[in-house]
Amino acid sequence: MSKPMNFKYLFLTAFLFVIASCSTQKGATGTSAEEMKTSAIVKNALAQKPRFVHLSINSRINADIDNTSVGLNGKIYIRDGQKIWVNVSKFGISAARALITPDGFKAYEKLERTYIDGDFSYFNNLLKVDFIDYEKLQNLLLGQIFVDMKASEFNSEIQGNNYVLTYKENDRIERSPQEGKYVQIYTLDSNFRLMNAYLKDPASQMELEISYGGWQKVGTQFFPKNVKVLVKDKKTQQVELEYNNFTFEESQTPFEIPSGYKPNKLLK
């Protein structure tokens, strides 16, 4: 049942909305997975990062957060390596706006007239991890490997027509949880594009799963068409994305926290 969203829900939705933010036009050509060294698989996966200066996306989001269902429209603009701007609207009316740069995160919402101004601890708290910075966040948004992956730390195998990369320390971490250490499993398609990322903190039983589907081609670039995000902690947060327009054009990104808005301590 749909219910009004408070500030926490609105900004959790706005953040998860930008996770993997690319619509597409033409289908990608499939190949067959071939036996190769783990180092070659990782190298090919890391080489998938798209090259652009400007990226603008209009999209639709459907979210189920703390048993609150919501449907929103949004516009995302990414200037590679510099900023991510998000505008979320409901019934054509702007409801929230966010600006993310290498220095941190700012956002405000109009319903309760509140704002936040902080660093990347905001995103790390939302995703229940401790390694997200601007570069990793942008990679995560675009369906790229978003951890510091070293081939020597992973085993690889072919399952079906996919490559599966499994962190060598998974069993030990499950038996003896350590702060900052996560169970990790990544599934790539035969073209080395990320299909699924699974992370788990055995100490808290937190699970983060991001699935990318429908990898397709726009011009010379490849992006995921469908994205599903699950954050399983005490409750399950789920977001599914549907895209309707995508360009490599520069976009206007006005952002100013309105006067009279009050700070909101989301992380407490």
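Take Asp148 and decide whether it is acidic (Asp, Glu), assigned to a strand (DSSP E or B) and within 23 Å of the chain's Cα centre (by Cα). No; evaluated as a whole, the condition is false for this residue.
Screening Leu208 with (1) closer than 19 Å to Leu126 by Cβ; (2) in contact with a Ser or Thr (Cβ under 8 Å, 6 or more places away or on another chain) gives one miss only, at (2). Within segment 46-74, being out of contact with any Ser or Thr (no Cβ under 7 Å at 6 or more places or on another chain), open to solvent by 10 Å² or more (accessible area, probe 1.4 Å) and either β-branched (Val, Ile, Thr) or on the phi > 0 side of the Ramachandran plot (or both) holds for Val53, Asp66, Asn67. The residue of segment 239-268 that is nearest to Val129 (Cα to Cα), among those that are open to solvent by 60 Å² or more (accessible area, probe 1.4 Å), part of a strand (DSSP E or B) and at pLDDT below 80, is Glu240. Annotation: Ala151 fulfils all but one of (1) open to solvent by less than 10 Å² (accessible area, probe 1.4 Å); (2) out of contact with any strand residue (DSSP E or B) (no Cβ under 8 Å at 6 or more places or on another chain); (3) small (Gly, Ala, Ser); the unmet one is (1). Taken over segment 154-205, the criterion of being part of a strand (DSSP E or B), within 13 Å of Val129 (Cβ to Cβ) and touching a strand residue (DSSP E or B) at 6+ places or on another chain (Cβ under 7 Å) is satisfied by Val183, Gln184, Ala197, Tyr198, Leu199, Lys200. Inside segment 208-232, residues that are small (Gly, Ala, Ser) and assigned to a strand (DSSP E or B) make up a count of 2.
Screening Arg175 on (1) surrounded by fewer than 16 Cβ atoms within 10 Å (Cβ to Cβ); (2) within 19 Å of Asp233 (Cβ to Cβ) shows it passes everything except condition (2). Condition check for Ala40 on (1) open to solvent by less than 20 Å² (accessible area, probe 1.4 Å); (2) modelled with pLDDT of 90 or more: one failure, at (1). Residues in segment 106-132 that are in a loop (DSSP other than H, G, I, E, B) and more than 12 Å from the chain's Cα centre (by Cα): Lys110, Leu111, Glu112, Arg113, Asp119, Phe120, Lys128, Val129, Asp130, Phe131.
Restricting to segment 81-105, what's the tally of residues that are part of a strand (DSSP E or B) and either out of contact with any Lys or Arg (no Cβ under 9 Å at 6 or more places or on another chain) or among the aromatic types (Phe, Trp, Tyr) (or both)?
Just the residues of segment 81-105 that are part of a strand (DSSP E or B), to begin with: 83-90, 93-101, 104-105.
If we keep only those that are either out of contact with any Lys or Arg (no Cβ under 9 Å at 6 or more places or on another chain) or among the aromatic types (Phe, Trp, Tyr) (or both) as well, we get 83-85, 90, 104-105.
Number satisfying all stated conditions: 6.
Which of the residues belonging to segment 77-129 are hydroxyl-bearing (Ser, Thr, Tyr), in contact (Cβ under 8 Å) with a residue 60 or more places away in the chain and under 21 Å from Ser59 (Cβ atoms)? Give the derivation first.
Step one: filter segment 77-129 for residues hydroxyl-bearing (Ser, Thr, Tyr), giving 77, 89, 94, 101, 108, 114-115, 121-122.
The next check asks that each one be in contact (Cβ under 8 Å) with a residue 60 or more places away in the chain; those that pass are 77, 108, 114-115, 121-122.
The answer is Tyr77, Tyr108.
Scanning segment 75-122 for residues that are open to solvent by 10 Å² or more (accessible area, probe 1.4 Å), closer than 24 Å to Gly143 by Cβ and of a type in the set (A, V, I, L, M) yields a single hit, Leu99. The set of residues in segment 196-213 being open to solvent by 60 Å² or more (accessible area, probe 1.4 Å) and modelled with pLDDT of 95 or more is empty.
The values are calculated or read from the model by the stated rules, or taken from the named source; none is laboratory data. It should be emphasised that the depicted structure is a prediction, and the values quoted were computed from it without experimental measurement. Note: ideal-geometry Cβ built from the backbone for every residue, glycine included; neighbour counts use all protein chains shown. Accessible surface areas use protein heavy atoms only, side chains included; no ligands, DNA or RNA. Shrake-Rupley method; radii C 1.70, N 1.55, O 1.52, S 1.80 Å.
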